[in-house]
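S.K.: Please find one structure pasted underneath; my questions will follow.
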Amino acid sequence: MVELRRAMAGVGGRGLLQDPAPAEEPARLGMVTLIEPKGQLATDLDILWLLFGAYLVFFMQCGFAVLEAGSVRAKNTKNILLKNVLDACLGALVWYGWGYSFAYGEGGKHPNEFIGGTNFFMSNSNDVSPDPELRERGLNNANEYFALWLFQWAFAATAATIVSGAVAERCQFRAYLTYTFVITGLIYPVVVHWAWSSEGWLSAFRDVNHDGEHEIVFEKSVGLIDFAGSGVVHMTGGGAALMAAIILGPRYGRFAADGSVIDLPGSSIAFTTLGVLILWFGWYGFNPVSTLAFYGSMYVASKAAVTTTLAAAAGGVTVLVVHVAFHNQPDVAPALNGILAGLVSITAGCSVVEPYGSVCIGIVGGIVYYFSSWGLKKLQIDDPLDASPVHFFSGMWGVLSVGFFATPVNLENAYGSTTDVGIFYGGEGHQLGVQLLGATAIGVWTCGISFVLFMVLRMTGSLRVAQEDEITGLDMSHHGGTGYGIGKVGGVNPNSITRSNGVGTGTG
């Protein structure tokens, strides 16, 4: 998958193990002479690009932690932070053991379109070098495995972290650990295998013969276009968050007897704002670096960065305008979730749409978020951080948006194919159909497995904390004291600390 994706990424793009094509004379740009890098340098640049992206995406964990700490009440701060830390820790161990293998393991002569099954515990990570001299010494300077593993682990941790906001303030700690184990080790890797591996049944990078030739699964479509994970990452995390919120039930005191929403403000709007801005920054690793290569891919990467920026901005402004229309005053919290909705929406098509298309995608993504959040509240489904409206519903729109806005030139640059394009550009709807199929498959798989898991946890009494513990706060009742050093002996009651509404606290 990696080599094929790199070959697709831009006209003239090179695979990781290939030397650049020889040129009779160096290319020139103005007064600057452009000299193509030699084989090892090109390889090192590709690996460095992946590492850079992994660091940025992992930094998003800091954004999630700060965002969630500010959005929950002060009495639950330590609990939510510990969950975020363990998403990364437990996720890394599971991804090392079998998560990555289920996602990208190749079946050789017997490919499995559903799930991978090789390279457990990095057993094949030190493949021999194609260079005879290095092979004799047991070295391989062209092996991108470790960089790709790290990059994809950061994605897996993101999918797992999304759920923590939906179960905040009332979920048992062991239940959350169980869920993290399952999503990182089963739910998410299977979706990755479908969409991003060289063998997956939905994959736009399908190459079961491993000969660098793309194998068409759908007669009139390149396959599911989900460049950086509106569906693979965000629908997966958001769908699980939705099932968790439904089965877990609302927080104590969230809804009045008549069904009206009671506001439960978070502890710090400053933290939520900082968290969203950190996430926005980290998204520049999420989307542009999903080219998986540096050499030959910078046009696609730079356009992805621009479309990401515009969609985020459009989503934030749109939700703010809609909120003012309904509530007659501007509020930062809805705007912040609008930014996230725009980012989630553009993640699938960031490489295949034009800048003006990304603005449209961000606008619709913001609207989808706002009214799905409103609908969940009407149904008395309590999602404290609006994880499912932001990630599941906006992510679904992001996957579908490709079928409307993908342009021929961008598809050729990013995927090396124009089998079918967005219907706004003369497409016949085949690509939109595949996008709908992919979104449906991801939703059914994720929601189905998550529903069973959370129902089993609830039936065994392992899902929700006792009501008195919830009222006291999970920091005091489960973690030895509050996160802010208050409420232990006299002092301030953590439950009484209220400030401006945090993201997803229910005032949208």
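S.K.: Looking at (1) among the hydrophobic types (A, V, I, L, M, F, W, C); (2) more than 30 Å from R254 (Cα to Cα); (3) crowded, with 21+ Cβ neighbours inside 10 Å, which one does I115 not meet, given that it meets all the others?
M.R.: Looking at each condition in turn, I115 falls short on (3).
S.K.: What's the number of the only condition in (1) modelled with pLDDT of 95 or more; (2) out of contact with any Leu (no Cβ under 9 Å at 6 or more places or on another chain); (3) closer than 30 Å to A168 by Cβ that V276 fails to meet?
M.R.: (2)
S.K.: In this structure, is G403 modelled with pLDDT under 95, out of contact with any strand residue (DSSP E or B) (no Cβ under 9 Å at 6 or more places or on another chain) and under 22 Å from T307 (Cβ atoms)?
M.R.: Values: modelled with pLDDT under 95: no; out of contact with any strand residue (DSSP E or B) (no Cβ under 9 Å at 6 or more places or on another chain): yes; under 22 Å from T307 (Cβ atoms): yes.
In short, no.
S.K.: The conditions are (1) hydrophobic (A, V, I, L, M, F, W, C); (2) in contact with a Phe, Trp or Tyr (Cβ under 7 Å, 6 or more places away or on another chain); (3) in a loop (DSSP other than H, G, I, E, B), and L385 fails exactly one of them. Which is it?
M.R.: Only one criterion is unmet by L385, namely (2).
S.K.: Also, quick follow-up: Is it the case, given these coordinates, that A160 is out of contact with any Gly (no Cβ under 8 Å at 6 or more places or on another chain), within 23 Å of I442 (Cα to Cα), at pLDDT 95 or above and crowded, with 18+ Cβ neighbours inside 10 Å?
M.R.: On the way: out of contact with any Gly (no Cβ under 8 Å at 6 or more places or on another chain): no; within 23 Å of I442 (Cα to Cα): yes; at pLDDT 95 or above: yes; crowded, with 18+ Cβ neighbours inside 10 Å: yes.
Taking the combined requirement at face value, the residue does not satisfy it.
So that you can scan it fast, the table gives a plain yes or no per residue for (1) in contact with an Asp or Glu (Cβ under 9 Å, 6 or more places away or on another chain); (2) free of Cβ contacts under 8 Å to residues at least 40 places away in the same chain:
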| residue | (1), (2) |
| --- | --- |
| S268 | no, no |
| S290 | no, no |
| T307 | yes, no |
| A314 | no, no |
| V321 | no, yes |
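S.K.: I'd like to verify a number: residues in the stretch 402-420 that are without any contact (Cβ under 8 Å) to a residue 60 or more places away in the chain and closer than 29 Å to V319 by Cβ, how many?
M.R.: Residues of the stretch 402-420 without any contact (Cβ under 8 Å) to a residue 60 or more places away in the chain: 403-405, 407-409, 418.
Cutting the leftovers down to closer than 29 Å to V319 by Cβ gives us 403-405, 407.
So the count comes out to 4.
S.K.: Further, regarding this structure: Mind checking which pairs have a first residue in the stretch 145-159 that is farther than 15 Å from D87 by Cα and a second that is acidic (D, E) and part of a helix (DSSP H, G or I), Cβ under 9 Å, 6 or more apart or different chains?
M.R.: From the stretch 145-159, the pairs are A147/D46.
S.K.: May I ask you to list pairs of residues, at least six apart or on different chains, whose Cβ atoms are under 7 Å apart, with the first in the stretch 91-106 being at positive phi and surrounded by 24 or more Cβ atoms within 10 Å (Cβ to Cβ) and the second being among the β-branched types (V, I, T) and part of a helix (DSSP H, G or I)?
M.R.: Sorted first by the residue in the stretch 91-106, then by its partner, the list stays empty.
S.K.: Give the number of residues within the stretch 383-422 that are over 27 Å from L340 (Cβ atoms) and either under 15 Å from the mean Cα position of the chain (by Cα) or of a type in the set (A, V, I, L, M) (or both).
M.R.: 2
S.K.: Can you tell me how many residues within the stretch 224-271 are in contact with a Cys (Cβ under 6 Å, 6 or more places away or on another chain) and among the acidic types (D, E)?
M.R.: Qualifying residue count, the stretch 224-271: 0.
S.K.: Further question: Could you count how many residues in the stretch 258-283 are of a type in the set (S, T, Y) and touching a Phe, Trp or Tyr at 6+ places or on another chain (Cβ under 9 Å)? Reasoning before the result, please.
M.R.: Restricting attention to the stretch 258-283, the residues satisfying the condition of being of a type in the set (S, T, Y) are 260, 267-268, 272-273.
Retained after the next criterion (residues that are touching a Phe, Trp or Tyr at 6+ places or on another chain (Cβ under 9 Å)): 267.
Final tally of qualifying residues: 1.
S.K.: Then there's this: Hey, among the residues in the stretch 30-72 that are among the charged types (D, E, K, R) and either at pLDDT 95 or above or in a helix (DSSP H, G or I) (or both), which one's surrounded by the most Cβ atoms within 10 Å (Cβ to Cβ)? Even if it seems obvious, please write down each step before you answer.
M.R.: Narrowing the stretch 30-72 to residues among the charged types (D, E, K, R): 36, 38, 44, 46, 68.
Filter again for either at pLDDT 95 or above or in a helix (DSSP H, G or I) (or both), leaving 44, 46, 68.
Working: D44: 15, D46: 27, E68: 30.
So the residue we want is E68.
For every residue, the table says whether it meets (1) farther than 23 Å from I225 by Cα; (2) touching a Pro at 6+ places or on another chain (Cβ under 7 Å); (3) among the aromatic types (F, W, Y).
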site: G275; (1), (2), (3): yes, no, no
site: W280; (1), (2), (3): no, no, yes
site: W283; (1), (2), (3): no, no, yes
site: V306; (1), (2), (3): no, yes, no
site: L310; (1), (2), (3): no, yes, no
site: V317; (1), (2), (3): yes, no, no
site: V322; (1), (2), (3): yes, no, no
site: A335; (1), (2), (3): yes, no, no
site: P355; (1), (2), (3): no, no, no
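S.K.: When the stretch 431-470 is examined, which residues are found to be of a type in the set (V, I, T), surrounded by fewer than 15 Cβ atoms within 10 Å (Cβ to Cβ) and over 20 Å from the mean Cα position of the chain (by Cα)? Talk me through it step by step, then tell me what you get.
M.R.: Kept after step one, since they are of a type in the set (V, I, T), are these residues of the stretch 431-470: 434, 440, 442, 444, 446, 449, 452, 456, 460, 465.
Keeping just the survivors that are surrounded by fewer than 15 Cβ atoms within 10 Å (Cβ to Cβ) gives 440, 444, 452, 456, 460.
Those that are of a type in the set (V, I, T), surrounded by fewer than 15 Cβ atoms within 10 Å (Cβ to Cβ) and over 20 Å from the mean Cα position of the chain (by Cα): V452, V456, T460.
Per-residue answers, yes or no, for (1) at pLDDT 95 or above; (2) touching a strand residue (DSSP E or B) at 6+ places or on another chain (Cβ under 8 Å); (3) of a type outside the set (A, V, I, L, M, F, W, C):
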| site | (1), (2), (3) |
| --- | --- |
| N209 | no, no, yes |
| I216 | no, no, no |
| V222 | no, no, no |
| F227 | yes, no, no |
| S230 | yes, no, yes |
| G238 | yes, no, yes |
| A241 | yes, no, no |
| Y252 | yes, no, yes |
| F255 | yes, yes, no |
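S.K.: Can you name the residue in the stretch 362-421 that is in contact with an Asp or Glu (Cβ under 8 Å, 6 or more places away or on another chain) and of a type in the set (F, W, Y) and is also surrounded by the fewest Cβ atoms within 10 Å (Cβ to Cβ) among such residues?
M.R.: F405
S.K.: Next question, about the same structure. Looking only at the stretch 406-465, filter to residues that are in contact with a Phe, Trp or Tyr (Cβ under 9 Å, 6 or more places away or on another chain), among the small types (G, A, S) and not in a helix (DSSP H, G or I); which one of those is modelled with the lowest pLDDT?
M.R.: Restricting to residues being in contact with a Phe, Trp or Tyr (Cβ under 9 Å, 6 or more places away or on another chain), among the small types (G, A, S) and not in a helix (DSSP H, G or I), the top hit is G427.
S.K.: Also, I was wondering about something else. In the list L376, L385, which residue meets the criterion of being in contact with a Ser or Thr (Cβ under 6 Å, 6 or more places away or on another chain) and under 30 Å from D258 (Cα atoms)? Walk me through it before giving the result.
M.R.: Values: L376 fails: in contact with a Ser or Thr (Cβ under 6 Å, 6 or more places away or on another chain).
From the options L376, L385, the qualifying one is L385.
Yes or no, residue by residue, for (1) over 15 Å from T347 (Cα atoms); (2) hydrophobic (A, V, I, L, M, F, W, C):
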| position | (1), (2) |
| --- | --- |
| A387 | yes, yes |
| S394 | no, no |
| L400 | no, yes |
| A414 | no, yes |
| S417 | yes, no |
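S.K.: Of all residues in the stretch 235-255, count the ones that are outside any helix (DSSP H, G or I) and of a type in the set (V, I, T). Even if it seems obvious, please write down each step before you answer.
M.R.: We begin by selecting, within the stretch 235-255, every residue outside any helix (DSSP H, G or I); these are 249-255.
Now restrict to residues that are of a type in the set (V, I, T): none.
Residues meeting the conditions: 0.
S.K.: From I262, I225, which residue is surrounded by 20 or more Cβ atoms within 10 Å (Cβ to Cβ), more than 21 Å from W95 (Cα to Cα) and not small (G, A, S)? Steps first, please.
M.R.: Values: I262 fails: surrounded by 20 or more Cβ atoms within 10 Å (Cβ to Cβ).
Only one candidate passes the filter, namely I225.
The values are calculated or read from the model by the stated rules, or taken from the named source; none is laboratory data. All values reported here derive from a predicted model rather than from experimental measurement. Cβ sites come from the backbone with ideal geometry, for glycine too, and all protein chains shown count toward neighbours.
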